[in-house]
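Step one of this worksheet: look at the structure below.
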Amino acid sequence: MQDDTISGIRSFESAGDYVRRMVQPEQITKYLPPGGHFIDEAAINSALKTAAAHPNDVAQVRAIIAKSRAIETLTLAETATLLYVTDPELRAEMEEAALAIKRAVYDNRIVTFAPLYTSNLCVNRCAYCGFKADNTQQVRRKLSMAEIRNEALVLAGRLGHKRLIAVYGEHPDTSTEYIAETIQTVYATQTKSRTGATLGIRRVNVNAAPLPVEDLRVLKSVGIGTFQVFQETYHRETYQRLHPAGTVKGHYDWRTTCMHRSLEAGADDVGLGVLFGLYDWRFEVLAVLAHSRDLEAQFGIGPHTISFPRMEPASGTDVPTSSPYRVSDDDFQKIMTVTRLAVPYTGMIVTCRETAAVRDRAVLKAGVTQMDASSNIAIGGYKEFAMESQQEMHRQQFVLADTRSLEELIRDLGKMGIITSFCTAGYRCGRTGGCIMDALKTGKEGKFCKVNAVLTFREWLDDFASPETRAICDPVLERELKAIASELPLFYPAVKESYDKIVAGERDLFF
Ligand code: SAM
Ligand code: SF4
């Protein structure tokens with residue numbers, strides 16, 4: 001019965017067959033402990049209960065912060081203790097430590113990217129999402145390869161992006177072959193800057209539905225960056241209520257195990273996330289931690305990134321505005337600060353769903369490492385809208401709050417003394433997965449980050465910045481270059497040589 005009610009399935013395959021084709025039970029069970037689960041709800045609830053009974057224990061909180069500063073992943077109990085801190089002085093100490101850890105691991109820089117929404121075709125019916133199959137108000141569309149190319153031209157040529165997160169609904173028409181072709185099309189698209197330099201997207205990350213291990217190998221072979229899948233909620237009962245049975249997404253464990261499959265496939269930069277606002281945020285923070293710890297235990301690699309999407313209004317649903325679990329700005333800030341302390345090596349992403357004020361605070365007090373900018377999440381929106389900030393409710397998944405252009409974001413970060421990095425060296429030099437984990441934990445990656453951030457920022461300023469932006473950002477960049485000279489004196493001559501080549505017009509030099 002359910003089979004015929006899901007729209008969008010090709011006529012020769014019922015919805016039930018599609019679910020059976022996608023969800024492969026043996027690719028779930030092999031990653032779960034016998035008779036149990038790495039998301040152990042009883043253990044999470046017990047850790048929360050214990051911590052709630054003894055909030056603001058100064059000595060205990062300080063000892064936990066010291067462990068984070070040593071770049072060690074925290075336990076559930078330690079993280080729960082931090083989640084219940086309300087004392088303003090202790091919270092300030094946690095925020096100070098979060099920023100110090102971010103600087104030690106990732107240096108003084110923010111990586112920027114843009115979302116590329118390729119399609120809003122979807123067979124699932126997630127209660128909170130504008131793309132859900134039963135939302136008749138949504139104008140459905142999938143980009144052709146020519147349209148993908150046009151989007152990439154605007155993103156790389158006009159806006160100056162080097163990294164994308166390509167986003168997909170779940171549908172047979174946007175299968176793994178489509179995803180692979182879009183990645184290849186983006187990498188093949190090149191244009192010229194005002195200085196005559198060759199411009200193109202250098203890293204394509206993907207946010208898509210969970211895939212079988214064979215399909216993940218295909219994405220690895222075409223050069224996927226990070227494979228990102230948000231669990232939405234780790235609370236099983238809530239998950240089942242919001243994701244109807246009979247849909248692929250209704251399979252909780254097809255989703256919880258997808259990063260295990262990704263690591264098995266060798267696509268080893270994996271990104272986790274929770275859609276905050278669906279269930280109790282403290283539970284969700286501990287669950288992401290449990291997920292991260294299990295990946296570390298099984299593969300020696302934790303999440304490359306953790307994202308913090310917070311639910312926004314969307315077409316055809318009132319769940320985002322009526323949920324009893326909506327998260328306040330202050331709690332949202334705490335979620336990010338505690339995550340930085342709990343999983344100190346991970347990259348942290350806060351998107352344009354949030355206001356500029358919330359995002360700026362996340363940078364300064366939670367140690368966030370990645371932000372998008374100039375984002376347009378309408379399908380085909382970059383090419384079609386002259387103004388990148390324009391939004392159309394029924395052509396996109398939800399509504400954005402921060403509509404700053406990339407240049408505005410870069411200028412605002414520059415005013416805070418932070419450089420913007422377009423570095424994509426990591427995966428191109430094989431510094432991914434377990435290899436990069438070690439480098440992050442020992443602070444070595446931060447040195448590469450600093451050098452590559454300086455080189456790629458120089459490129460961007462020369463290719464795209466207005467005189468006003470250069471006036472703000474050039475001094476920040478020069479200060480970073482001086483820091484390399486004093487912190488890495490043996491390395492500096494090679495860096496300076498590359499820097500001078502970039503000033504003279506060469507591009508894409510990295511360490
Ligand atoms: N369709 C794939 C899937 O569900 O896994 C790809 C992801 S979807 C296009 C990207 C993410 O947007 C979802 O995983 C969800 O966390 C988030 N999202 C969905 N509805 C949202 C809303 N109303 N506000 C904010 N984020 C939302
Ligand atoms: Fe489809 Fe993803 Fe939206 Fe769910 S969250 S309806 S799977 S696009």
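The values are calculated or read from the model by the stated rules, or taken from the named source; none is laboratory data. Everything numeric in this text was worked out from a predicted model, so none of it was measured. Note: ideal-geometry Cβ built from the backbone for every residue, glycine included; neighbour counts use all protein chains shown. Calculation scope for accessible area: heavy atoms of the full protein, side chains included, ligands and nucleic acids excluded. Shrake-Rupley method; radii C 1.70, N 1.55, O 1.52, S 1.80 Å.
Summary table
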| quantity | calculated |
| --- | --- |
| Listed peptides 78-90, 113-125 by packing density, highest first (mean Cβ within 10 Å) | 113-125, 78-90 |
| Cα gyration tensor shape of segment 36-130, rounded if a/c is under 1.5, else prolate or oblate by comparing a/b with b/c | oblate |
| Paired Rg and Dmax values of segment 68-220, which use every Cα atom, in angstrom | 20.6, 55 |
| Along each principal axis, Cα extent of segment 266-339, largest first, Å | 40, 26, 15 |
| Partner lysines for LYS482 [C-alpha distance under 29 Å; skip if fewer than 8 residues away on the same chain] | LYS102, LYS162, LYS365, LYS415, LYS441, LYS444, LYS447, LYS450, LYS496, LYS501 |
| Anisotropy class of segment 462-507 from Cα gyration tensor, a/c 1.5 cut | oblate |
| More than 17 angstrom apart: percent of Cα pairs within segment 299-427 | 63 |
| Dmax and Rg, reported as Rg then Dmax, of segment 107-166 (C-alpha, Å) | 15.0, 46 |
| Residue-normalised accessible area of the chain, given per residue in Å² at a 1.4 Å probe | 36 |
| Cα convex hull of the chain, projected area averaged across orientations, nm² | 22.5 |
| Candidate lysines - alpha carbon under 18 Å from LYS249, same-chain residues fewer than 8 apart omitted | LYS132 |
| Solvent-accessible area, 1.4 Å probe, carbon plus sulfur percent, for the chain | 53 |
| q = 0.18, 0.22, 0.25 Å⁻¹: log10 I(q)/I(0) that the Debye formula gives for segment 171-222, counting C-alpha atoms only | -0.63, -0.82, -0.97 |
| Computed label-point distance, nm, for sites ARG21 and LYS49 using a 7 Å Cα→Cβ extension | 4.6 |
| ARG194 versus ALA485: modelled label distance in nm, points set 7 Å from Cα along the beta carbon direction | 2.9 |
| Semi-axes of the equivalent ellipsoid for segment 256-306, Cα gyration tensor, largest first, Å | 21, 11, 8 |
| Mean ellipticity per residue at 222 nm, deg cm²/dmol - from DSSP H runs of n ≥ 4 across the chain, formula -39500 (n - 2.57) | -14500 deg cm²/dmol |
| Accessible-area value, ASP508, 1.4 Å probe, nucleic acids and ligands omitted, Å² | 60 |
| Estimated Rh, segment 194-280: Kirkwood, alpha-carbon pairs, angstrom | 14.4 |
